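Trainee: First, the structure itself, so that you have it in front of you.
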Amino acid sequence: MRDGIGMARRFGMQSGIIGVAAAAVVSLAVAGTLAFGNFGSASQAEAEGVGAKAKRVAPVAPVDSSIGHASDRPGRSLNITIDDGPDPVWTPKVLDVLKKYNVKAVFCMIGPQAEAHPDLVKKVVAAGHKLCDHTISHNTGMDHQPESYQSQQILDAQKMIEDAAGGAQVEYYRAPGGAFTPYSRQLAAKQGMRPLGWNVDSKDFEGGTVERIKATVRGELPKGPTILFHDGGGDRSRTVDALDGLLPWLQQQGYGFGFPKR
Ligand SMILES: [Zn+2]
């Protein structure tokens, strides 16, 4: 209440308006108390359900349904994208190396893994990274499946990731293996998720050495700004080491890091 009046004073409001503002603050406080009372009397599961609904980011604006690669950061910019997590062993290590160089990335998550590790999803969001829907089953042949299957894969994963994140928006959709269809792109876009491609595949998934991964990325930079790495699907120690070498090198080359344009 004191804050409300203080704010009114800072904005130079008339005394009559201060009264209105103070009344509004009081009614908000009452509403807050009532809501709190509801949480208190509900069962834990119900409370969580109500909480998730209340925090859910409300109606999302549709985005472009074409497959995006560009960076939202002007100049010499890259977008780091990290797929197939979250993973309790590797995601924290990837987060540490991104933090070390103050780089923000997009994490393309598998729905059930997000549901199993909500702490990791929240950590990703808290560190300033963005979320991407990478489906339920990671079926790289989903472009040959019926629309009902595609829609279940995309929408259920979006909800799992959002719920795990405590309501943060899932801003991108990346089809497993790039298996987009016009239908899945339009569905994702309508849900506020920009279809997200990649320009440079680090091939960290293919079992090469750390040096090989770094050389692949360095050699393919002219292809475009969006680079693909993985924090799930097996031992990702080479991904962590490759990022630890590549990020400072890229910064020395004058690159900055943005997010894919939505
Ligand atoms: Zn993947």
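The values are calculated or read from the model by the stated rules, or taken from the named source; none is laboratory data. Remember, it's a predicted structure, so these values are computed and weren't measured experimentally. As a convention, Cβ positions derive from the backbone with ideal geometry for all residues, glycine included, and neighbour counts pool all protein chains shown.
Trainee: So which pairs qualify, if the first residue must be in the stretch 79-101 and among the basic types (Lys, Arg), the second must be assigned to a helix (DSSP H, G or I), the Cβ gap must be under 6 Å, and the two must be at least 6 apart or on different chains?
Mentor: 93/240
Trainee: If the requirement is being within 16 Å of the ligand (Cβ to nearest atom), farther than 20 Å from residue 160 by Cβ and not aromatic (Phe, Trp, Tyr), which of these qualifies: 143, 96?
Mentor: Just one listed residue meets the conditions, 143.
Trainee: Restricting attention to the stretch 237-262, and to residues there that are part of a loop (DSSP other than H, G, I, E, B) and in contact with a strand residue (DSSP E or B) (Cβ under 6 Å, 6 or more places away or on another chain), which single residue is farthest from the ligand (Cβ to nearest atom)?
Mentor: Here the residue is 255.
Trainee: Of the residues that make up the stretch 201-210, is at least one at pLDDT 95 or above, crowded, with 17+ Cβ neighbours inside 10 Å and away from the ligand (no atom under 16 Å from the Cβ)?
Mentor: yes
Trainee: Shifting gears a bit: Could you tell me which residue of the stretch 109-130 is farthest from residue 196 (Cα to Cα), considering only residues that are of a type in the set (Gly, Ala, Ser) and either touching a Cys at 6+ places or on another chain (Cβ under 7 Å) or more than 16 Å from the ligand (Cβ to nearest atom) (or both)?
Mentor: Only one residue fits best here, namely 116.
Trainee: Also: Given (1) within 16 Å of the ligand (Cβ to nearest atom); (2) surrounded by fewer than 19 Cβ atoms within 10 Å (Cβ to Cβ); (3) farther than 19 Å from residue 93 by Cβ, where does residue 233 come up short, assuming only one miss?
Mentor: The one condition residue 233 does not meet is (3).
Trainee: Looking for whichever is surrounded by 16 or more Cβ atoms within 10 Å (Cβ to Cβ) and either more than 27 Å from residue 250 (Cβ to Cβ) or over 11 Å from the mean Cα position of the chain (by Cα) (or both) here; the options are 133, 143. Which one fits?
Mentor: Within the list 133, 143, the selection yields 143.
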